[in-house]
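The values are calculated or read from the model by the stated rules, or taken from the named source; none is laboratory data. Here the structure is a predicted model, which means the values were calculated and not measured. With ideal geometry, Cβ positions are generated from the backbone for all residues, glycine too; neighbour counts draw on all protein chains shown.
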Amino acid sequence: MSYTDTWDATYEASPADTDDLSDGAARIRNLKINVRERLSPVGTIIPYGGGSVPTNWLECNGASLLRASYADLFAAIGTAWGAADGTHFNLPDLRGRFMRGWDHGAGRDQDAADRTACNAGGATADNVGSVQVDEVGPHTHPDRRDINEGTGVGGNVIRDGNEPTWTEAGAASTGEETRPINANVLFIIRY
């Protein structure tokens, strides 16, 4: 069924209700629901630029929810992000995390098999909902040498008059993690 067919079947007016304004309001409400469902189906996760969660969305904070209270969302994401028991499921917990596209067997995520669950009862390995700890891959730093002397390791030459002095290049970082330049957003999920 095409979008046009869906539109015609859903919003075709009958002669009896063309003058009923309350029916027009209902049609507009239904249209808004239909458009919202097409643009962001239940389970959609987006970065949001505001500090408070909009209507029909939840913060991706790992909260445990009742399956019966959020049946559509549970049907979409299941227990991929965890489950405390047989009546609850967890939202994704994306606080302080970068999202990564599911490898889905492509081989780009070299450690896909080692991925762990976001919350107890959640997905592991190469599945939506699994997580990885941070890691710095193998790398080397070039040797820095005094051009005039041809000696020295691990430093930069700074000329002070005619005598070279060495400063430590590549000293250990004092940061807590390796990360790209980033900006905070609020990850939200549609329910």
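Scanning segment 19-48 for residues that are part of a loop (DSSP other than H, G, I, E, B) and modelled with pLDDT of 85 or more returns Ser40, Pro41, Val42, Gly43, Thr44.
Kindly indicate whether any position in segment 170-186 is modelled with pLDDT of 95 or more and either charged (D, E, K, R) or surrounded by 17 or more Cβ atoms within 10 Å (Cβ to Cβ) (or both). Yes.
Does Trp57 satisfy the criteria of being closer than 19 Å to Gln132 by Cα, hydrophobic (A, V, I, L, M, F, W, C) and buried (at least 16 other Cβ atoms within 10 Å of the Cβ)? When the stated conditions are applied, Trp57 does not pass them.
Scanning segment 100-113 for residues that are aliphatic (A, V, I, L, M) and either closer than 21 Å to Asn182 by Cα or surrounded by 18 or more Cβ atoms within 10 Å (Cβ to Cβ) (or both) yields one hit, Ala112. Check segment 79-88 and report whether any residue there is at pLDDT 90 or above, of a type in the set (D, E, K, R) and closer than 27 Å to Glu135 by Cα. There is no residue in segment 79-88 that is at pLDDT 90 or above, of a type in the set (D, E, K, R) and closer than 27 Å to Glu135 by Cα. Is it true that Gly51 is in a loop (DSSP other than H, G, I, E, B) and either surrounded by 12 or more Cβ atoms within 10 Å (Cβ to Cβ) or modelled with pLDDT of 85 or more (or both)? Yes: the conditions hold for Gly51. Mind checking which residues of segment 54-85 are among the aliphatic types (A, V, I, L, M) and either under 17 Å from the mean Cα position of the chain (by Cα) or not in a loop (DSSP other than H, G, I, E, B) (or both)? The answer is Leu58, Ala63, Leu65, Leu66, Ala71, Leu73, Ala75, Ala76, Ile77, Ala80. Residues in segment 86-99 that are under 14 Å from the mean Cα position of the chain (by Cα) and surrounded by 12 or more Cβ atoms within 10 Å (Cβ to Cβ): Leu91, Pro92, Asp93, Leu94, Arg95, Arg97.
Take the residues of segment 114-144 that are outside any strand (DSSP E or B) and among the polar types (S, T, N, Q): which is surrounded by the most Cβ atoms within 10 Å (Cβ to Cβ)? Restricting to residues being outside any strand (DSSP E or B) and among the polar types (S, T, N, Q), the top hit is Asn119. In the set Ala75, Ala83, Ala68, only one residue is surrounded by 14 or more Cβ atoms within 10 Å (Cβ to Cβ) and hydrophobic (A, V, I, L, M, F, W, C); that residue is Ala83. Here Thr4 does not qualify as β-branched (Val, Ile, Thr) and either part of a loop (DSSP other than H, G, I, E, B) or modelled with pLDDT of 95 or more (or both).
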